[in-house]
Amino acid sequence: ASASIAPVQKASSQGHSNASKLGLKNSSPKTKHEKQKLLSAVSKRLTATKQPPPPLIISPTEPPPDFYSNAKTYWSQVSPTVDGMLGGYSSLNVPDIEDSHLFLDEFGPATTAYALDCGSGIGRVTKQLLIPRFNFVDMVEMTQSFLDQTKEYIGEEDFDSIGERFCSGLQDFTPPVGRYDLIWIQWVLGHLTDVALIGFLQRCARALSVDGVIVVKENITSGNPDDQLAEATFDELDSSFTRSRKAFLDLFEKSDLAVSGEKLQTNFPSSIYPVRMFALRPRKINISPTAPDTTSAIPT
């Protein structure tokens, strides 16, 4: 028997040896008080020798348990309103949409038949940015209650421009090949691990039309464009990561995407993370000749 379990044994020569190691007298405890002192001494000894657990590493490459399910639970409890989509910062809506329009004016695609809104929510970006510029817009959103609200929010007249509405997390979503002139991805990539993000961007590249563009608009950890730090911060509330600019550039590179334009969002309060927009184009055509043709006709 080892010293750590010796106190439960009856008095013996082994018990005396263990008592000595614990700094106790070599005699068996007889009274209740003596037994309590012995147990207290053993408890202190065990506490002193117990090693602390290693720190939990949380990063986009090593996400916490239930990373995706926790995010789904969080968003399922958010109200299907513009304020809910913006985390209580509804005042950001106007400057956000204004800068997004300016960005597309400069770096958007030449053709405007079809767009995809990723992490669309109730359709805030779809209604205010994409429908005014594109003939048709598809939406992908993991929270069904948000998609259920889209028709009322977007309005009957503009809803004619909505093509398909996919209920899916981006880690599981494969957009139709060759369909989209623009794929807009805003405030949602923090819910993906690095591996899932790269895979999703590669699937998006295959979903672009000729000369199509992917736009990523996300929070970053620093407003300094030369910031070389790659560490990400983790928000336990909504189960999401905020990455650095360098981390995004590295992920774009690994996804075979080239940055054709980049801008910092303006007129946002300094109390929140900076937001950057990236226009991305495939470095090469990456459509497998054996890939199934899942492109469907433009809805009429």
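The values are calculated or read from the model by the stated rules, or taken from the named source; none is laboratory data. Computed from a prediction, not measured in an experiment: that's the story for all the values here. As a convention, Cβ positions derive from the backbone with ideal geometry for all residues, glycine included, and neighbour counts pool all protein chains shown.
Below, the figures for the structure above:
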{"item": "Top-ranked residue in region 85-108 [being within 20 Å of the chain's Cα centre (by Cα) and surrounded by fewer than 18 Cβ atoms within 10 Å (Cβ to Cβ); ranked as nearest to residue 185 (Cα to Cα)]", "result": "86"}
{"item": "Cross-chain or 6+ apart pairs with Cβ under 9 Å, region 78-102 first and without any contact (Cβ under 8 Å) to a residue 40 or more places away in the chain and not assigned by TED's automatic domain parsing to the domain that holds residue 275, then crowded, with 16+ Cβ neighbours inside 10 Å and of a type in the set (Val, Ile, Thr)", "result": "none"}
{"item": "Qualifying residue in region 215-238 (condition: buried (at least 20 other Cβ atoms within 10 Å of the Cβ), modelled with pLDDT of 95 or more, in a loop (DSSP other than H, G, I, E, B) and out of contact with any His (no Cβ under 8 Å at 6 or more places or on another chain))", "result": "no"}
{"item": "Every residue from region 239-259 that is hydroxyl-bearing (Ser, Thr, Tyr) and either exposed (fewer than 14 other Cβ atoms within 10 Å of the Cβ) or under 18 Å from residue 200 (Cα atoms) (or both)", "result": "240, 242, 255"}
{"item": "Index of the failed condition, residue 164 passing every other in (1) under 18 Å from residue 216 (Cβ atoms); (2) of a type in the set (D, E, K, R); (3) in contact (Cβ under 8 Å) with a residue 24 or more places away in the chain", "result": "(1)"}
{"item": "Region 151-181, residues that are in contact with a Gly (Cβ under 9 Å, 6 or more places away or on another chain), of a type in the set (Ser, Thr, Tyr) and surrounded by fewer than 22 Cβ atoms within 10 Å (Cβ to Cβ)", "result": "153"}
{"item": "Leading residue by the ranking (nearest to the chain's Cα centre (by Cα)) among those in region 149-169 that are in a strand (DSSP E or B) and among the hydrophobic types (A, V, I, L, M, F, W, C)", "result": "167"}
{"item": "Scope region 182-195; condition of a type outside the set (A, V, I, L, M) and surrounded by fewer than 23 Cβ atoms within 10 Å (Cβ to Cβ); matching residues", "result": "186, 187, 190, 193, 194"}
{"item": "Index of the failed condition, residue 145 passing every other in (1) surrounded by 20 or more Cβ atoms within 10 Å (Cβ to Cβ); (2) of a type outside the set (Val, Ile, Thr); (3) in contact (Cβ under 8 Å) with a residue 40 or more places away in the chain", "result": "(1)"}
{"item": "Residues within region 256-271 that are part of a loop (DSSP other than H, G, I, E, B) and either within 14 Å of residue 215 (Cα to Cα) or modelled with pLDDT under 95 (or both), tallied", "result": "3"}
